[in-house]
Amino acid sequence: MISKCTKERMREIEKVLGENEEIIDAVTGTVNGMLFGEKSDQLKGVLVLTPKRVLFHYKRKSGYYRSKMYPLEEISNIAFEKGILGANIQMQNSISSLKVTLIPLNENAEEFVRKTKLYISEIIRNKTCQVTGSHDTIEHIKKLSNLNKQGIITNEEFTAKKKQLLGI
């Protein structure tokens, strides 16, 4: 469940979300250091999980909102750490990392990380199925082609089966 404080910090988030992109979970926290090449002592914002990505949504000193986005398929690691003042979430991809600190303990950062890992594993599983399925289809067509060349099946049978396998 998303806390009232988190919901308040999510102003203008709908401008960033895609059509039919729902929010799965969100936690508030702080980012220190560099974000978008801007040095900042503390950027307070919301870490948001959707079925497609994780984003850190925050309000700049100028009053405008901005979001740093991490597509789920690009996240190589996400970890949770419980501290005295609050929880931390560290997230990495091949280019950069993001550490969100001071997440209130009642916002359950550990659950946020667990859900994110589930969505990442689902994306990996779906991609693996697609690649395996494509490879199996190609191998099956090659076998049918050999059977056709050997005269075991006719050209018509080969063409019909090939179309069926390719979904044409």
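Throughout, read-outs are computed from the coordinates displayed, never taken from laboratory work. This one's a predicted model, so the numbers in the text were calculated from it and none came from an experiment. Heads up, the Cβs are rebuilt from the backbone with ideal geometry, glycines too, and the neighbour counts pull from every protein chain shown.
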Determine the gain in length on full extension of the stretch Ser76-Asn20; use 0.36 nm per residue of separation and subtract their C-alpha separation, reporting nm with one decimal.
17.6 nm
Under the Karplus curve 6.51 cos²θ - 1.76 cosθ + 1.60, θ = phi - 60°, whole-Hz ³J(HN,Hα) for segment 147-153, x wherever Gly or Pro sits
4, 5, 5, 7, x, 6, 10
Given H placed 1.01 Å from N in the peptide plane, which residues other than close sequence neighbours of Glu21 have an amide H under 5 Å from its amide H?
none
At each listed q (0.09, 0.17 Å⁻¹), what is the log10 of I(q)/I(0) that the Debye formula gives for segment 52-168 modelled as equal alpha-carbon point scatterers?
-0.48, -0.89
Give a residue-ordered list of calculated ³J(HN,Hα) values for segment 102-112 (Karplus: 6.51 cos²θ - 1.76 cosθ + 1.60, θ = phi - 60°; whole Hz; x for Gly, Pro).
6, 6, x, 4, 6, 8, 6, 4, 4, 5, 4
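Please find the FRET efficiency linking Lys163 to Ile123, where r is the Cβ-Cβ separation and R0 is fixed at 22 Å, and quote it to the nearest 0.05. The partial results should precede the final answer.
Values: r = 30 Å, r/R0 = 1.38.
That gives a FRET efficiency of 0.15.
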Calculated FRET efficiency for the pair Lys143/Ile95, C-beta based, R₀ 30 Å, to 0.05:
0.10
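How high is the FRET efficiency from Leu85 to Arg114, r the C-beta distance, R0 25 Å, rounded to 0.05? The partial results should precede the final answer.
Numbers: r = 22 Å, r/R0 = 0.87.
With a Förster radius of 25 Å, E is 0.70.
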